[in-house]
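Peer 1: Just dropping this structure here.
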């Protein structure tokens, strides 16, 4: 199978053509994450995307963040047991205390049939201080 058919692009092994942002999480979908038909629960996938987005937001905030909103979630295709799931993230907006991150989830199919975008969403995080209250973001 050629690199293009495996979804590799830009000379980065495993990076799907068209993926936007930075790879922030890669994991596998296991039977415990699925319904009896073998389809992965949307909540599990949303949780993985939240972890990935929070990792990038934490880096930008230079510290702790909390999820305050999830918007525009679009489930395009199912994820199956055995698929390798990768989340790519990009900061789309920086406010006084908040960071908005665009997250794309891609699945490399367990049968090596290719890599497809399965989900995308917009996650907003607020920077949290030692007092567990919102704090201003530092300059980049």
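FYI, it's all coordinate maths here, none of it is from the lab. Please read all numbers here as calculations on a predicted model, not as lab measurements. Because the Cβ atoms are built from the backbone with ideal geometry, glycine has one as well, and the counts that use them run over all protein chains shown.
Peer 1: What are the residues in the range 96-128 that are part of a loop (DSSP other than H, G, I, E, B) and closer than 19 Å to residue 55 by Cβ, if any?
Peer 2: 97
Peer 1: Across the range 28-63, which residue is nearest to residue 90 (Cα to Cα) among those that are touching a helix residue (DSSP H, G or I) at 6+ places or on another chain (Cβ under 7 Å) and surrounded by 15 or more Cβ atoms within 10 Å (Cβ to Cβ)?
Peer 2: 44
Peer 1: Go over the candidates 46, 77, 56 one by one and state the one that is assigned to a loop (DSSP other than H, G, I, E, B), on the phi < 0 side of the Ramachandran plot, touching a residue at least 24 places away in the same chain (Cβ under 8 Å) and touching a strand residue (DSSP E or B) at 6+ places or on another chain (Cβ under 9 Å).
Peer 2: From the options 46, 77, 56, the qualifying one is 77.
Peer 1: Please find, within the range 81-95, the residue that is nearest to residue 18 (Cα to Cα) out of those that are touching a strand residue (DSSP E or B) at 6+ places or on another chain (Cβ under 6 Å) and outside any strand (DSSP E or B). Let's see the steps before the verdict.
Peer 2: First, pick out the residues of the range 81-95 that are touching a strand residue (DSSP E or B) at 6+ places or on another chain (Cβ under 6 Å): 81, 83-93.
Then keep just the ones that are outside any strand (DSSP E or B); that gives 81, 83.
Working: 81: 24, 83: 19 Å.
Filtering the range 81-95 for residues that are touching a strand residue (DSSP E or B) at 6+ places or on another chain (Cβ under 6 Å) and outside any strand (DSSP E or B), the one nearest to residue 18 (Cα to Cα) comes out as 83.
Peer 1: Among the residues in the range 127-136, are any surrounded by fewer than 20 Cβ atoms within 10 Å (Cβ to Cβ) and touching a helix residue (DSSP H, G or I) at 6+ places or on another chain (Cβ under 9 Å)?
Peer 2: yes
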